[in-house]
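For reference, the structure discussed in these notes is given below.
Each reported figure results from applying straightforward, stated rules to the coordinates on display, with no laboratory input. Keep in mind it's a predicted model, so treat the numbers as computed, not measured. Because the Cβ atoms are built from the backbone with ideal geometry, glycine has one as well, and the counts that use them run over all protein chains shown.
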Amino acid sequence: MKKLLIPLIVLALFTSVGLAQEQKANREVVLTKDAPQPIGPYSQAIKAGGFVFASGQIALDPATGKLIDGDIKAQTERVLKNLSAVLAGAGSSMDRVVKTTVFLKNISDFPAMNEVYGKTFTNAPPSRTTVQAAGLPKDALLEIDVVALQ
C-alpha cells in the first residue's frame, strides 16, 4: 500500500502544478496606450474565463496622465471613454458590459452621473452597484470599474 501511495501523491502534485500553470496561461493582461496607464501595481484589465475584468478608471487624460478639470458630468464622460478604450484593447466593448461598480465622492452627484452614464448604456444596461466612497485616487469625483464579456 505504501508503495502505491507515494506515486499517487507525486502524480497528484504534478497534476495540481499543471492545472495551476494552465489556469495562469488562461489569464491575459490587457494594456493599451489609448487609456491612462496604471498608477499603481495593477493591470488596466485582465481577460479570463470569457470575461474582461477592467480595473476602476478615474477621469485621467490618457495623454497627460492628469485628472481632467470639470464637474461630475465631464469626469463621468472621461471615465467612460477610458473604460471603452480598455475594453477595445481587450477585444470587447461597452455593449458587452455585464456589471459595473460606480464609486462616487459625493452621492448627491448620482443624478448628474446617471444622466451621462445612461447615454452610454442605453439598450439592456448592465447590472450596477453605486456607492459613496470616502476618498478616491487623485481626489477624483468618481471611479467606475466594469466586467464585460470578451
What's the magnitude of the charge dipole for region 28-149 around its Cα centre, counting Lys and Arg as +1 and Asp and Glu as -1 at the beta-carbon? Answer in Debye, nearest 20. 180 debye
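When a/c is below 1.5 the answer is rounded, else prolate if a/b is larger than b/c, else oblate, so apply that to region 16-119 with a ≥ b ≥ c taken from the square roots of the Cα gyration tensor eigenvalues. It would help to have the intermediate numbers written out before the result.
On the way: a/c = 2.38, a/b = 1.88, b/c = 1.26.
Because a/c hits 1.5 or more and a/b exceeds b/c, region 16-119 counts as prolate.
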Gain in span if fully extended, Leu149 to Phe110, counting 0.36 nm per residue against the direct Cα distance: 11.4 nm
Report relative contact order for region 101-150 in percent, whole number only (criteria: Cα-Cα under 8 Å, sequence separation at least 6). 62 percent
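Any chance you could run the full-extension gain for Ile68 through Ser43? It's 0.36 nm times the residue separation minus the Cα-Cα distance, nm to one decimal.
Computed gain between Ile68 and Ser43 is 6.9 nm.
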Mean Cβ count within 10 Å, highest first, over the residues of peptides 52-59, 38-45, 93-100: 52-59, 93-100, 38-45
Would you kindly state how much longer the chain becomes between Ala134 and Phe121 on full extension, computed as 0.36 nm times their sequence separation minus their alpha carbon distance, in nm to one decimal? 2.1 nm
